[in-house]
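The values are calculated or read from the model by the stated rules, or taken from the named source; none is laboratory data. It should be emphasised that the depicted structure is a prediction, and the values quoted were computed from it without experimental measurement. Cβ coordinates were reconstructed from backbone atoms using ideal geometry, including for glycine residues, and neighbour counts include every protein chain displayed.
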Amino acid sequence: MGEAIAFYTLAAFILTFAILVVTTKNTVHSVLFLVLDFLGVAALYVLLSAEFVAVIQVLVYAGGIVVLYLFVVMLVNLQRPPETYQDPNRRAKLGWALSIAVLVELIVISTLAYVRPSPVTAAAAAIPVSGNSEEVGWMLYTSYLIPFEVASILLLVAMIGAIVLAKREL
């Protein structure tokens, strides 16, 4: 009974902070609400006995990613009007073509994984693991390899975007 109350309380806090992240006008306050949201998710992981994932949540998201967001917010002046200059060397058609190619590739990989399961997942199920972190590692690099790689690509694109926006100011 106590776990259910703690779960629903944490879920209410997480939902409230997520709504505040989206609706707050000040971007710095929005990032701070995002930190509180990540800490609430980490507390939820602790409640579910996933201590390793909770620590990673605090270190990676509440620590690293939010600091990156704050740097981007501080580097990019959000009060100025949008630029009217259009780069003549911009290759929008190439960007759309590459985006469609990546989307098709992800659809093909997902379809093939669904139709023909990988033999690695069967081998991973047979490997004995002795701890929570080992189990997370085996699952991350066997069953959830594609989502892991997609997340890394998204983080790379966000980092390149932040560099391009910061470089424009320098």
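Just the residues that are modelled with pLDDT of 75 or more and loosely packed, with under 13 Cβ neighbours inside 10 Å, please, taken from the stretch 125-145. Passing the criteria: Leu140, Tyr141.
Tallying residues that are modelled with pLDDT of 85 or more and loosely packed, with under 11 Cβ neighbours inside 10 Å within the stretch 152-166 yields 5.
Taking the residues in the stretch 18-43 that are assigned to a helix (DSSP H, G or I) and over 17 Å from the mean Cα position of the chain (by Cα) as candidates, determine which candidate is surrounded by the most Cβ atoms within 10 Å (Cβ to Cβ).
Ranking the candidates gives Ala43 first.
Of everything in the stretch 1-48 that is touching a residue at least 12 places away in the same chain (Cβ under 8 Å) and of a type in the set (Gly, Ala, Ser), the residue that is nearest to Tyr69 (Cα to Cα) is Ala18. Looking at Tyr85, Tyr45, Tyr61, just one residue is at pLDDT below 80, closer than 30 Å to Lys25 by Cα, outside the structural domain of Glu135 (by TED's automatic domain parsing) and not acidic (Asp, Glu), and that residue is Tyr85.
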